[in-house]
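Read-outs: derived from the displayed coordinates by stated rules, not from any lab. No experiment lies behind these values; they were computed from the predicted model shown. With ideal geometry, Cβ positions are generated from the backbone for all residues, glycine too; neighbour counts draw on all protein chains shown.
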Amino acid sequence: MTEAPRQLRLRVTSDPANLAPVRHEVESFARACGFDEAARGEIVLCVNEAMTNITRHAYDGATDQPIELSATFADDLLRITVRDWGAGRTPRPCDQSHDPLRPGGVGMLCLRELMDRITFTPQTDGMLLVMERKLE
Amino acid sequence: MQNLTPTTDLIPAARQEGDALLVAIRGEVDLHNSPELRAELFDLLGRTKAKRLILDMGQVPYMDSSALAVIVEALKKLTKAGGKVVLFSLQPRVRGLIEIARLTTVLGIAKDEREALTK
């Protein structure tokens, strides 16, 4: 049996054109780690939404700014970190009474509901997001 | 029935049937191409004056919140005029996003085109 890769590292710009290639890389990594189709869909959605939020909010729409993503897998735990060098604002907590017809907030809902744990750690020059998902 | 000519690969086919605009969407839709989807969709809605928007999602394996926002914007526009939006042939990842966004009760969801047209 092929051993799962232990680490994935990607450095891209905040251009939304990078979303699909990053999703595909993360999906391949998650597949090699043993996540099933449904779980992989949820993981790549969270990565996509995290990156989208960075472009929109941390970088205020700029498409030439750096985003670093790394993923590790150990002890059945997938840990994905996403680092940006933007505004460094911690997103507001999710509104449980989310109004589906009001724009915004869906990305954070995805992260809160589909990951086992997420933490935003402000840096002196940006933000570090860590998302964790257990293999079940 | 009137066939329409979309100008983006994201919409391989569109046609009008009575007050319904039927649009097939194709491909992964995210922040990179959702503005293109929005422009084309609203152009078609403006040209046809349709009250119902029926979206064939059978060729959409993935979409993100920015694509969903386009559909919600269309929904808000049409419901103001007494219309609706119905999606059919949803793939699992797209259905999952719609469920997380709590949109299953406000968007019409159908199994296939026939059911979508009767919703």
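With the requirement that a residue be without any contact (Cβ under 8 Å) to a residue 40 or more places away in the chain and part of a helix (DSSP H, G or I), what does region B:30-49 give you? Lay out the reasoning, then the answer.
Restricting attention to region B:30-49, the residues satisfying the condition of being without any contact (Cβ under 8 Å) to a residue 40 or more places away in the chain are B:30-43, B:45-46, B:49.
Hits for region B:30-49 are B:34, B:35, B:36, B:37, B:38, B:39, B:40, B:41, B:42, B:43, B:45, B:46.
Quick one: which residue in B:109, B:100, B:71 is free of Cβ contacts under 8 Å to residues at least 12 places away in the same chain and within 14 Å of another protein chain (Cβ to nearest Cβ)?
Numbers: B:109 fails: free of Cβ contacts under 8 Å to residues at least 12 places away in the same chain; B:71 fails: free of Cβ contacts under 8 Å to residues at least 12 places away in the same chain.
Being free of Cβ contacts under 8 Å to residues at least 12 places away in the same chain and within 14 Å of another protein chain (Cβ to nearest Cβ) holds for just one of B:109, B:100, B:71, which is B:100.
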Expected single match for of a type in the set (Asp, Glu), more than 25 Å from residue A:17 (Cβ to Cβ) and buried (at least 17 other Cβ atoms within 10 Å of the Cβ) among B:112, B:30, B:64, B:56 is B:56
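Kindly evaluate residue B:93 against the criterion of being more than 13 Å from the chain's Cα centre (by Cα) and more than 20 Å from residue B:1 (Cα to Cα). Write out each step before concluding.
On the way: more than 13 Å from the chain's Cα centre (by Cα): yes; more than 20 Å from residue B:1 (Cα to Cα): yes.
Spelling it out, residue B:93 is indeed more than 13 Å from the chain's Cα centre (by Cα) and more than 20 Å from residue B:1 (Cα to Cα).
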Residue B:119: passes all of (1) within 12 Å of chain A (Cβ to nearest Cβ); (2) of a type in the set (D, E, K, R); (3) surrounded by fewer than 16 Cβ atoms within 10 Å (Cβ to Cβ) but (1)
So which residues in region A:37-60 are closer than 16 Å to residue B:95 by Cα, more than 8 Å from every other protein chain (Cβ to nearest Cβ), of a type outside the set (Lys, Arg) and out of contact with any Gly (no Cβ under 9 Å at 6 or more places or on another chain), if there are any at all?
A:39, A:43
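Residue B:53: away from every other protein chain (no Cβ under 12 Å), assigned to a loop (DSSP other than H, G, I, E, B) and closer than 19 Å to residue B:104 by Cα, yes or no? If you could, list the steps in order and put the result at the bottom.
Numbers: away from every other protein chain (no Cβ under 12 Å): yes; assigned to a loop (DSSP other than H, G, I, E, B): no; closer than 19 Å to residue B:104 by Cα: yes.
In short, no.
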The listed residue being of a type in the set (D, E, K, R) and within 15 Å of residue B:7 (Cα to Cα), out of B:52, B:47
B:47
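Among the residues in region B:32-48, are any hydroxyl-bearing (Ser, Thr, Tyr) and over 18 Å from residue A:45 (Cα atoms)?
So the first thing to find is which residues in region B:32-48 are hydroxyl-bearing (Ser, Thr, Tyr), and the list is B:34, B:48.
Of the ones still in play, those that are also over 18 Å from residue A:45 (Cα atoms) are B:48.
Yes: one or more hits.
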Condition first: within 11 Å of another protein chain (Cβ to nearest Cβ) and more than 22 Å from residue A:74 (Cβ to Cβ). Can you find one or more residues in region A:22-30 that meet it?
yes
Failed item in (1) touching a residue at least 40 places away in the same chain (Cβ under 8 Å); (2) touching a strand residue (DSSP E or B) at 6+ places or on another chain (Cβ under 9 Å); (3) in a helix (DSSP H, G or I), with residue A:11 passing the rest
(3)
Is there a residue being in contact with a Lys or Arg (Cβ under 8 Å, 6 or more places away or on another chain), in a loop (DSSP other than H, G, I, E, B) and within 11 Å of another protein chain (Cβ to nearest Cβ) anywhere in region A:72-85?
no
